[in-house]
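Enquirer: Can you read through this structure? Questions will come right after.
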Amino acid sequence: MRKILLINWRDVRNPEAGGAETYYHEIFSRLARSGEYQVTVLSHTFAGSPSCEEIDGTRVIRIGSRSFFNYAVIPFVRRHEGEYDLLIEDINKVPFLTPLYTRIPRLHMVMHFFGASIFREVSAPLASYVYMGEKLVPLFYRREPFIAISDSTKRDIRKFCTDEKRIAVVEPGIDVDFFHPTARKESPPLLVYCGRIKRYKNVQFLINSMVQLSRRIPDITLHVAGSGDYLPVLKRLAQDLGIANRVVFHGRVSEDQKRDLLSRATLFVNPSMREGWGITNIEANLCGTISISSNVAGLRDSVRNGITGLLYRPDDQAEFVDKVARMIEDPSSRETMERAALEQAKAYAWDAMARKMHDAIELLVPRGGVA
């Protein structure tokens, strides 16, 4: 049995867990249950968290604080490296720089790189810290093997990685049995956004666009599901624009509630400025709804423009409004895309992605290999 140490800032039970945590947990819990791997997840502590517990066949160890977890990782790995056959590092914002202090065979997962877009999300000092952290990756990881979440992320890694054959793509999976249409489409038209409420997710773009959209499509509404520190700003913006009656904020919703919203939606809208993949696009597709997404890295991987959904130039309000209106006004074209999107989405079952991860691990880091 191959013993894996997987390092990620948050574990799946962390209150701030998001898509990255769902990704690794769904895949690696399946690999652990297969009997071929013993998986230990190393993440930071949070209020009320036990220092060690088992979750779906994986062992979770929590050390260090949210702000200084990357420093706590170093002595832990040095102390325990003889206990593991493979170290898998999730490079998310600030790298752990594992090539500098361990000889355990290594593999690195990348959702996406923020680059300069991080300055849209947080204060300048923190953004600079993250930005400079990402700049260290090309210096110390160029000869390392990688798992990318999408072709867009693979292209970013390829800019510094010395061998393209050391990069594999394993997309996020989805519960294809759970996500399916549960309700009729709403009338009047309904736009839905589901996701974290952070500045870089760019929901403010949707709210600003609703002013122009409501002139073209009477009674259209936007439903925003999710929580995050940018939510108060969005609520004030809707009030200031005089469209508070057209924007419904649901806050954090259950998976059942999300599925119902995605089913009722005329269109799913995804204005994020940067994503690793865009799993909510695929969830919407399984619920019979196409996505109109910003044409940025990650989202363009999960939307086949003109076939399973539409892409628009980032922050181009006129193009966004026109494409939304055209899809609402042309139900025949929309329904054709809905059928194509549903067929594509069915291929992303978590079991299939777990098998793909298994094959990538064994190819990139053969058993008995040397880092």
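Enquirer: Give the range 47-71 a look and list any residue that's polar (S, T, N, Q), closer than 24 Å to I361 by Cβ and at pLDDT 95 or above, or say none.
Expert: Selection gives T58 alone.
Enquirer: Still on this structure: Of the residues R166, R158, only one is over 17 Å from V296 (Cα atoms), of a type outside the set (A, V, I, L, M, F, W, C) and touching a residue at least 12 places away in the same chain (Cβ under 8 Å); which?
Expert: On inspection, the qualifying residue turns out to be R166.
Enquirer: Could I ask something else about it? Quick one: would you say R10 is basic (K, R) and over 21 Å from the mean Cα position of the chain (by Cα)?
Expert: no
Enquirer: So, one more: Which count do you get for residues in the range 287-338 that are surrounded by 20 or more Cβ atoms within 10 Å (Cβ to Cβ) and modelled with pLDDT under 95?
Expert: Number satisfying all stated conditions: 6.
Okay, residues lined up against (1) farther than 16 Å from I4 by Cα; (2) out of contact with any strand residue (DSSP E or B) (no Cβ under 9 Å at 6 or more places or on another chain); (3) not small (G, A, S); (4) not assigned by TED's automatic domain parsing to the domain that holds G298:
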| site | (1), (2), (3), (4) |
| --- | --- |
| A20 | yes, no, no, yes |
| I27 | no, yes, yes, yes |
| L31 | no, no, yes, yes |
| S34 | no, yes, no, yes |
| V39 | no, no, yes, yes |
| P50 | yes, no, yes, yes |
| T58 | no, no, yes, yes |
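Enquirer: Taking the range 165-209 as the search range and keeping residues that are polar (S, T, N, Q) and part of a helix (DSSP H, G or I), which one is nearest to R106 (Cα to Cα)?
Expert: In this case the residue turns out to be Q204.
Enquirer: Would you confirm, using the coordinates I've provided, whether D85 is under 27 Å from G298 (Cα atoms) and either surrounded by fewer than 20 Cβ atoms within 10 Å (Cβ to Cβ) or not hydrophobic (A, V, I, L, M, F, W, C) (or both)?
Expert: So D85 fails the test.
Enquirer: Looking at (1) surrounded by fewer than 19 Cβ atoms within 10 Å (Cβ to Cβ); (2) modelled with pLDDT of 95 or more; (3) closer than 25 Å to D151 by Cβ; (4) not charged (D, E, K, R), can you tell me which one G18 breaks?
Expert: It is condition (2) that G18 fails.
Residues checked against (1) free of Cβ contacts under 8 Å to residues at least 60 places away in the same chain; (2) surrounded by 15 or more Cβ atoms within 10 Å (Cβ to Cβ); (3) within 18 Å of F320 (Cα to Cα):
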| position | (1), (2), (3) |
| --- | --- |
| G228 | yes, yes, no |
| Q239 | yes, no, no |
| Q257 | yes, no, no |
| L262 | no, yes, no |
| S272 | no, yes, yes |
| G276 | no, yes, no |
| N285 | no, yes, no |
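Enquirer: Cβ-Cβ under 6 Å, sequence separation 6+ or interchain: first residue in the range 341-360 and within 14 Å of N281 (Cα to Cα), partner in a helix (DSSP H, G or I) and of a type in the set (A, V, I, L, M, F, W, C). Which pairs?
Expert: A345/I282; A345/L286; Y348/I282
Enquirer: Filter the range 231-254 for residues that are outside any helix (DSSP H, G or I), closer than 20 Å to Q212 by Cα and among the aliphatic types (A, V, I, L, M) and give the result.
Expert: L241, I243, V247, V248
Enquirer: Take the range 287-325 and flag every residue that is aromatic (F, W, Y) and either part of a helix (DSSP H, G or I) or not assigned by TED's automatic domain parsing to the domain that holds E255 (or both).
Expert: F320
Enquirer: In the set K135, K185, which member is basic (K, R), in contact (Cβ under 8 Å) with a residue 40 or more places away in the chain and surrounded by fewer than 19 Cβ atoms within 10 Å (Cβ to Cβ)?
Expert: Only one candidate qualifies: K185.
Enquirer: Going through H44, H80 one at a time, which residue ends up being of a type outside the set (A, V, I, L, M) and either modelled with pLDDT under 95 or crowded, with 18+ Cβ neighbours inside 10 Å (or both)?
Expert: Matching residue, one of H44, H80: H44.
Enquirer: Can you name the residue in the range 255-279 that is modelled with pLDDT under 95 and among the small types (G, A, S) and, of all such residues, is farthest from the chain's Cα centre (by Cα)?
Expert: Restricting to residues being modelled with pLDDT under 95 and among the small types (G, A, S), the top hit is S272.
Enquirer: Separate question: Give the range 339-351 a look and list any residue that's of a type in the set (A, V, I, L, M, F, W, C) and either more than 22 Å from the chain's Cα centre (by Cα) or surrounded by 15 or more Cβ atoms within 10 Å (Cβ to Cβ) (or both), or say none.
Expert: A340, A341, L342, A345, A349, W350
Enquirer: Would you confirm whether or not the range 7-27 contains a residue that is under 24 Å from G82 (Cβ atoms), in contact (Cβ under 8 Å) with a residue 60 or more places away in the chain and part of a strand (DSSP E or B)?
Expert: Yes, the range 7-27 contains a residue that is under 24 Å from G82 (Cβ atoms), in contact (Cβ under 8 Å) with a residue 60 or more places away in the chain and part of a strand (DSSP E or B).
Enquirer: Based on this model, can you work out whether Q257 counts as touching a strand residue (DSSP E or B) at 6+ places or on another chain (Cβ under 8 Å), among the polar types (S, T, N, Q) and in a helix (DSSP H, G or I)?
Expert: yes
Enquirer: To continue, here is another question. I'd like to know if the range 31-38 contains one or more residues that are of a type in the set (F, W, Y) and either closer than 26 Å to G298 by Cα or assigned to a strand (DSSP E or B) (or both).
Expert: yes
Enquirer: With the condition kept exactly as written, say whether any residue in the range 273-293 is over 17 Å from L342 (Cα atoms) and touching a strand residue (DSSP E or B) at 6+ places or on another chain (Cβ under 6 Å).
Expert: No, because not a single residue in the range 273-293 is over 17 Å from L342 (Cα atoms) and touching a strand residue (DSSP E or B) at 6+ places or on another chain (Cβ under 6 Å).
The values are calculated or read from the model by the stated rules, or taken from the named source; none is laboratory data. These figures come from a predicted structure and were not determined experimentally. In this analysis, Cβ positions are derived from the backbone assuming ideal geometry, glycine residues included, and neighbour counts consider all displayed protein chains.
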